[in-house]
1. Could you report region 252-347's accessible area per residue, 1.4 Å probe, as an integer in Å²?
2. Pop out the carbon and sulfur fraction of the accessible area of region 135-199 as a percent, whole number, probe 1.4 Å.
3. When we measure straight from the Cα of Lys39, which lysines land under 27 angstrom away, once same-chain ones fewer than 8 places off are left out?
4. Just need the relative contact order of region 1-93 here, percent rounded to a whole number, with Cα pairs under 8 Å and 6+ apart.
5. I want the antiparallel fraction of DSSP beta bridges within the chain, as a percent rounded to 5.
6. Mind checking which of Phe144, Met155, Leu99 is farthest towards the positive end of region 92-157's charge dipole, using Cβ charges of +1 (Lys, Arg) and -1 (Asp, Glu) about the Cα centre?
7. Sequence gap at least 6, Cα distance under 8 Å: using those rules, report the relative contact order of region 304-392 to the nearest whole percent.
8. Hey, what angle do you get for helix 181-194 against the long axis of the chain, alpha-carbon based, 0 to 90 degrees rounded to 10?
Amino acid sequence: MNPFSICQSIIESIRNLLHSKELLEAYRLPNRFVRSSGKLTMLHVIAYLFYTTKQAMHTNVSLIRLDLPELEFPKVSKQAVSKARQGIVPALFQKLFYLSTDIFYQNIVSKKKWLDKFNIFAIDGSRISIPRSASNFKKYGEMFSLKDPKRRWSMALCSTIYDVCNDFIVHGLLTGYLGSERAAALQHCADLEKLGQFKDSIIIFDRGYYSEKMFRYFADRSYLCVMRLKENYNLAKECKGDSIQFLKGNPKEDTEDVAVRVVAIPLDSGETEYLATNVFDISLTPKDFKVLYFLRWPIESKYGELKNQFQLEEFSGATSTSIEQEFFINLLLSNLAALLKSSADEEISRRQEGRKNKYRYQANRAHIIGRLKWFIPRFFAGSREIGHLMDIFDDSCIVLSQIQPGRKCIRKKKKSDQERKHFNNRKRVI
C-alpha cells in the first residue's frame with residue numbers, strides 16, 4: 001500500500017472502532033455513560049475532542065452543533081462536556097495512535113531507508129507546559145522557584161521515537177518533568193522490538209542519553225545505535241578521529257568488555273562533536289556519520305510542528321486525563337498528516353520532472369494539517385465520505401512550499417520554564 005492508502009485505511013479503521021460498543025465499553029470508567037437518559041454519549045465526547053479547536057471551550061460546544069448536525073450533539077454546557085470527558089480512559093486514544101503505527105508498518109511497501117540499507121530512528125524528549133491543577137501536580141510533579149516558593153507550576157516530559165526517513169512517530173510517552181529520558185528511551189525501544197523494526201535499524205540519540213548501561217543495552221542485543229557524547233567523557237577525550245575503545249567489564253556484575261567505535265565530527269563552527277556507536281562497518285566513514293547524526297534533526301522539527309501547528313501546549317482541559325487524551329490525538333493527527341504529505345510530495349516530484357525551475361517544491365504541511373483537522377471529525381460524524389480525502393490530496397498537490405537546500409537554523413535560547421505561556425482564559429476567537 002502507498003502512504004495515501006495507508007492514511008485512508010487508518011482513518012476508516014478508527015471510525016469502525018469508534019462505532020464498536022464493545023470497544024467503547026472497555027474504555028469508560030465505571031458508572032459513566034450508563035444512564036439511558038444521559039444527553040452526552042461517549043461518541044459525542046470523542047467526536048468533540050477530535051473537533052475542538054484552540055478557541056474557547058464554550059465556543060467549540062456551540063459550533064459543533066452547527067458544523068456537525070449529523071452528530072446530533074445535545075445542547076449542554078461546557079461544564080457538562082468537561083465532566084463527561086473525564087469518564088473516558090486516555091488509553092483509548094493511545095490505542096488509536098498505536099493502531100496507526102501497526103497499520104503503517106504492516107502495509108508500507110516502499111519504505112524509505114538511508115543508503116537503501118538502514119532504517120533510521122531518532123529518540124528525543126521535550127518539555128511541555130501543562131495547566132496548573134491538583135491532578136497534574138500529583139501525576140507530573142509540582143515545581144516552585146527558590147525566589148518565590150509560593151509560586152507553583154507543572155510541566156511534563158514528552159518523549160518519542162521517530163522514523164526519520166518515513167516521517168512517522170512510532171511511539172510516544174508523557175511522563176513527569178523530572179522523569180528519566182533514558183527510561184523513556186528504553187520503553188520506546190521495547191515497542192520498536194514488538195513491531196519487529198530493529199533489524200537493519202540504527203537508533204540515533206542526542207547528547208545526554210549516553211551511559212555505559214545504555215550502550216551495553218544495545219550491544220547485548222546487537223542493536224545498532226549512535227549516541228552523541230559530552231566532551232568531558234573519557235571516550236571523547238581519548239578519541240583520535242575514528243578509533244575503537246572498550247568499556248571494561250566487571251566480573252562481579254557478570255559483564256564483559258564491550259567495543260565502542262568513537263568518531264570525532266568537526267563542525268563548520270570549529271567545534272568538534274563525538275559520537276559513540278556500535279556500527280563497525282568500515283565502509284561508513286566519519287563523513288557518513290556526520291550525515292547520519294544530522295538525520296536526527298527532523299525529530300526537532302516534529303516537536304516544532306506539534307507545539308506550533310498542532311498547538312500541543314494549548315490544552316482545552318486542565319486535568320491529567322485531558323492532557324493525555326489530547327496528547328495522543330495530536331500524535332495520531334501528526335502521523336496522518338505525514339502520510340498525506342508523503343503521497344503529495346511524490347506526486348509533486350513526478351510533475352516537476354524535466355522542468356527547469358529555480359526551486360524544487362513540496363506540499364505545504366500546515367495546509368494539510370488544517371484540512372485534516374477539518375475533515376476527520378466530519379468523517380466520524382458521517383457528514384463526509386472517505387472519498388473527500390482524495391480532494392484534500394488533490395489540493396495538497398497544488399498548495400506548495402519552496403524547498404531551500406542548505407538551509408540552517410540557529411538554536412534560540414529557551415525561555416525560562418517558570419514563564420507561563422498558556423492561559424485557559426486567553427483562547428483564540430474567530
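The values are calculated or read from the model by the stated rules, or taken from the named source; none is laboratory data. The shown structure was predicted, so the numbers you read here are calculated from the model rather than taken from an experiment. Using ideal geometry, Cβ is built from the backbone for each residue, glycine included, and neighbour counts are taken over all protein chains shown. Ligands, DNA and RNA are excluded from the accessible area calculation, which covers all protein heavy atoms including side chains. Shrake-Rupley method; radii C 1.70, N 1.55, O 1.52, S 1.80 Å.
1. 38 Å²
2. So the carbon and sulfur contribution to the accessible surface is 55 percent.
3. Correct list for Lys39: Lys21, Lys54, Lys75, Lys78, Lys83, Lys95, Lys373, Lys427.
4. For region 1-93, the relative contact order is 33 percent.
5. Around 80 percent of the beta bridges assigned by DSSP in the chain are antiparallel ones.
6. Among Phe144, Met155, Leu99, the one farthest towards the positive end of the dipole of region 92-157 is Phe144.
7. 23 percent
8. Approximately 80 degrees, to the nearest 10.
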